[in-house]
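The values are calculated or read from the model by the stated rules, or taken from the named source; none is laboratory data. If you're wondering where the values come from, they're calculated on a predicted model, not measured in any experiment. Virtual Cβ from ideal backbone geometry, glycine too; neighbours counted across all protein chains shown. Accessible surface areas use protein heavy atoms only, side chains included; no ligands, DNA or RNA. Shrake-Rupley method; radii C 1.70, N 1.55, O 1.52, S 1.80 Å.
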Amino acid sequence: MSQSSPNAMSQAERIARVAALNDALRRSIHSPGRNQVVMTGGVAALIGDIALFRGFRRRAEIIRIVRDYDSFTPDNDPIGEHDFGRFEFEDAILYWKIDYYDLELAYGSADAANPEVTTRVLTILLADEY
């Protein structure tokens, strides 16, 4: 897909492009390329010791839930960018969210629809850490 200039895309096209890039990050969650996937300390504590099988299995299940998430509605995704999700895991409520940074992760991205200037960071966190 060729990269068009920011002014050449309509707002609807920009939103669709951002959503597609966000969906692609979640689908490639095990190998995000330049993008990053992180879990908060609260999620790490929930998972437990990942050196143990139970911790590894719990981490894998959380990653799978985020990767396969497709419960977007106008109520929980009003802009349509597919940048946030909520799910339950065991007795906890978790969120995942995607933020857009420049390539050095120093500032916000100038254009979230352009992967050449954007690093996406997907964070998985407990609801009470938000």
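A few points about this structure:
- Test: residue in the range 98-120 that is open to solvent by less than 20 Å² (accessible area, probe 1.4 Å), at pLDDT 95 or above and in contact with a His (Cβ under 9 Å, 6 or more places away or on another chain): yes
- Search result, residues across the range 70-127 that are acidic (D, E), touching a Pro at 6+ places or on another chain (Cβ under 8 Å) and closer than 18 Å to I29 by Cβ: none
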